[in-house]
Structure formats: C-alpha cells, structure tokens
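One structure is given here, and the rest of the page talks about it.
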Amino acid sequence: MSSNELVDIVDEQDRVIGQATRAEIRARRLRHRSAFILLFNSQSQLFVHRRTPTKDIYPGYHDVAFGGVLATGEDYDQAARRELAEESGVDATPLRRVLNFQFDDESAHLNGVVYTATHDGPLRLQASEITSGRWLDLDAVIELTQHEPFCPDSIEALRLYLDRLNRVRQTR
C-alpha cells in the first residue's frame, strides 16, 4: 500500500468515521484497521522476519506477523488473505481468525484482528517489505525479543494469542 492510498479511520468500536491517506494516518496517528497473521509450520515454529529499512513504521525491526493496514472498504478477512499472499507468497492456506485487539503507542493507533495459519511449503518473501526471515521455536522468539527490536504491535498480537492459547489449555 502506498502512502497516498486511502485508509478508513475508525473509532474504538471499529466503526468507520472517515478516510485519510496512509501518510495522514501515520502523521496524525489516526485509529485505523490492521490484520496480523501468525504463520506457523507443522512443528509449531513461528515465521519471524525482518522488515526493510524503508518501511514507514518500525523500519528494520523484526516482525512475528505478516499483515498490514486495511484499505478503504476492505474487511479484515480480505486484508489478511491479501497481505499473507503479497508478503509470503502463501495464498491457499486457510486462515483462522483468533481475536480482536487494540494497540496504541507513539507510532500507531489501531484496531487489529489476529489470524493464525499453518504452512509447510516454500515462502516467496516480498523484497520491498521483508529482507529476511526464518522459522523459530516460540522460546527462541521470546529470547530474541529480549535482544533485538521487534514491532510492538505484532508482539502484542502474539502475546494475546499465547495468553488465549494458555487459557484454553488450562480449561481442558
């Protein structure tokens, strides 16, 4: 998505209240929608990648999720499928919608939806967005977050996902 493309501005209840360009969304820190896809392989490893240094937010940071900002009129499911296909080359893998959340920091103000997917085939990483990536066990991901910069919004998405997973396991 280019900085001139339109994005829906939303309120805390996720109702559309206007539109602005992606550049305006970033500059004015307007609440918008984003999709986050945690991509696992069948060994339960998570794909972690590094963002290019040209990204408009968190440049050069590690990221635990594929995904991004929804375009005007796009729904979360459409955006998640589009973003996963664009960034990883994975387009036939079913997505599981896991949870909704809100995230706010000095760079972003968003309503997000977290998805998970499982994929064991090859990835075709989008060179304009991702410099490198690798599959990691979750304990290695957590260790790496202690030493390297990670996108805080996707770390929050992962934390909420793991909290939910642990609650489900405790009820069994």
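The values are calculated or read from the model by the stated rules, or taken from the named source; none is laboratory data. Not measured: the values here are computed from a predicted model. A quick note on method: Cβ atoms are made from the backbone with ideal geometry, for glycine too, and the neighbour counts reach across all protein chains shown.
Tally time: how many residues in segment 146-167 are in a helix (DSSP H, G or I) and touching a residue at least 40 places away in the same chain (Cβ under 8 Å)?
Summing the residues that are in a helix (DSSP H, G or I) and touching a residue at least 40 places away in the same chain (Cβ under 8 Å) in segment 146-167 gives 10.
Pairing residues of segment 87-103 that are under 15 Å from Ala35 (Cα atoms) with residues that are in a strand (DSSP E or B) and of a type in the set (S, T, N, Q), at Cβ distances under 6 Å and at least 6 apart in sequence or on separate chains, gives Arg96/Thr116; Val98/Thr116; Gln102/Asn111.
If you go through segment 115-129 and keep only what is of a type in the set (D, E, K, R) and surrounded by fewer than 17 Cβ atoms within 10 Å (Cβ to Cβ), you end up with Asp120, Arg124. Selection over segment 26-83 of residues that are hydroxyl-bearing (Ser, Thr, Tyr), touching a Leu at 6+ places or on another chain (Cβ under 8 Å) and under 15 Å from Gly112 (Cβ atoms) gives a count of 2. In segment 73-92, of all residues being exposed (fewer than 14 other Cβ atoms within 10 Å of the Cβ) and modelled with pLDDT of 95 or more, the one that is farthest from Leu125 (Cα to Cα) corresponds to Asp75. Counting only residues that are of a type in the set (Gly, Ala, Ser) and under 22 Å from Leu30 (Cα atoms), segment 85-132 holds 3 of them. Within segment 1-20, the residues that satisfy the criterion of being part of a loop (DSSP other than H, G, I, E, B), over 19 Å from the mean Cα position of the chain (by Cα) and at pLDDT 95 or above are Asp11, Gln13, Arg15. Summed over segment 133-145, the residues that are surrounded by 12 or more Cβ atoms within 10 Å (Cβ to Cβ) and assigned to a helix (DSSP H, G or I) give a count of 7.
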